Amino acid sequence: ELGFSEFNEEENLLEQGLYNNITSFVLDGEQSLLSNVALCQTSYFKLFKKNEFYTISSASRYHKLYPENVLYEKLVNQGMDSAILAPIVDDGKLLGILELASPTKNKLNSINANKLKDIMSYLESHVI
């Protein structure tokens, strides 16, 4: 399934954005959240500081190991067990997060993320 959250740099918020028909797994029903509250520490660092993909192959397993992790909890609560979060970046500036999620464990993984990297420049040019 596809999700998207827009980044409001001025207020440091992830927001539902212009595409109301596309929900955000990260926001989990909220209209907006502070970016560092919406994500776990590791995903925040990879997406915002390094502009890299963040892949979760088994949210249910990781949630059992790290029950305090808000991102794993959100995915599990929404019936999703694997996910790829991909930063949408223009000129080094984060514009939003493309969210791919699946209810199937290991359906989305680092191999899929590497394939997605191949088409991200095309996607970014059409989002921007």
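Residues checked against (1) buried (at least 16 other Cβ atoms within 10 Å of the Cβ); (2) under 14 Å from GLU1 (Cβ atoms); (3) touching a residue at least 60 places away in the same chain (Cβ under 8 Å); (4) in contact with a Ser or Thr (Cβ under 8 Å, 6 or more places away or on another chain):
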residue	(1), (2), (3), (4)
LEU14	yes, no, yes, yes
THR23	yes, yes, no, no
ASN36	no, no, no, no
TYR44	yes, no, no, yes
TYR54	yes, no, no, yes
LEU65	no, no, no, no
ALA101	yes, yes, yes, yes
ASN106	no, no, no, yes
ILE111	no, no, no, no
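If you go through region 1-59 and pick out every residue that is over 19 Å from ILE84 (Cα atoms) and acidic (Asp, Glu), you end up with 4.
For region 51-73, how many residues meet the condition of being of a type in the set (Asp, Glu) and part of a helix (DSSP H, G or I)? Explain how you work it out, then say what you get.
Of the residues in region 51-73, the ones of a type in the set (Asp, Glu) are 52, 68, 73.
Still in the list and also part of a helix (DSSP H, G or I): 73.
Final tally of qualifying residues: 1.
Being out of contact with any Cys (no Cβ under 6 Å at 6 or more places or on another chain), in a loop (DSSP other than H, G, I, E, B) and among the aromatic types (Phe, Trp, Tyr) is a condition met by no residue of region 33-47.
Of all residues in region 74-103, those satisfying the criterion of being over 12 Å from the mean Cα position of the chain (by Cα) and in a strand (DSSP E or B) are VAL89, ASP90, LYS93, LEU94, LEU95, SER102.
The set of residues in region 1-12 being within 12 Å of the chain's Cα centre (by Cα) and exposed (fewer than 14 other Cβ atoms within 10 Å of the Cβ) consists of LEU2 alone. Taken together, the residues in region 71-99 that are within 23 Å of ASN8 (Cβ to Cβ) and either at pLDDT below 95 or open to solvent by less than 20 Å² (accessible area, probe 1.4 Å) (or both) amount to 19.
The values are calculated or read from the model by the stated rules, or taken from the named source; none is laboratory data. None of these values were measured; they are calculated from a predicted model. Cβ coordinates were reconstructed from backbone atoms using ideal geometry, including for glycine residues, and neighbour counts include every protein chain displayed. The area values use the complete protein model at the heavy-atom level, side chains included, leaving out ligands, DNA and RNA. Shrake-Rupley method; radii C 1.70, N 1.55, O 1.52, S 1.80 Å.
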